[in-house]
Each structure stands twice: as structure tokens, then as C-alpha cells.
Ligand SMILES: [Cu+2]
């Protein structure tokens, strides 16, 4: 009986400890992203890097840090976007498109070198976002 008690206490400590450990990690991550102006908008799915950027009255986040040397998709998300941030241009890719007011547009970009920067701007040049590629 004592053995079972000790065991269940050990399990409880492990579970609580694990929860504290992981929530602590999440906290520190969000702090890092918050300071760097980089929200958690980069994910890797099936070996492809996906960068989510929302367009409405400007682009969010303004700055993204992404991995270099990896096939990448920039996913532009619009929701009731009737301002000029829907008219997107990425000069270095020769990309120019008017995004639908609500929806998702995927822009495939080939792997980029470390240290390179990709810039998206609205048609009038008043809103912009940048993606920095690093090792
Ligand atoms: Cu504009």
C-alpha cells in the first residue's frame, strides 16, 4: 500500500513538473518572439517552411525570421482586406497580385541564402514586410 502511494506521488510530481517545465518553455519562447518582433508565424510542414503573414491595413508581422536553404511558402492571409495591402508586390520574385479580400494566397519561393532578405510591399509602397533568412 505504501509502495503504491509513493508511486502515485512520484507520477504526480512528474506530471506537474513536466507541465511547469513546458509552460516555462512556452513563456520564454513568446518573450523571445515578442522582443524580436517575430510572432510564431513560421511552421515547417512536410519539409516545407510556411510563413504566415496577414494583410489588412498593413502586414503582420512586419518582420519574420525564417530558415535559409529550405523550400518555403509565404501564405498571405486576408480577412475583409479592402485596403491597398491586398495589392501585394514582392519585387525580388517579380510577384505582383491583388489578393482576394478574404482568403489565403500561397506564394512558393525557392530556398534562400542565409543572410538574404525578402521584402513585400503594397502597390503604393506605404506598407511593407520583411523576411530575414538565417542559418
Ligand atoms: Cu498601400
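No value in this document is a laboratory result; all are computed from the given coordinates. Since the model is a prediction, treat every value here as computed from it, not as a measurement. Note: ideal-geometry Cβ built from the backbone for every residue, glycine included; neighbour counts use all protein chains shown.
Rg over Rh for region 42-134 works out to 0.95, both radii taken from alpha-carbon positions and Rh defined as the Kirkwood radius. Of the peptides 103-116, 81-94, the ranking by mean beta-carbon count within 10 Å, highest at the top, reads 81-94, 103-116.
Computed extension gain for residue 63 through residue 43, at 0.36 nm per residue and net of the alpha carbon distance, reaches 5.7 nm.
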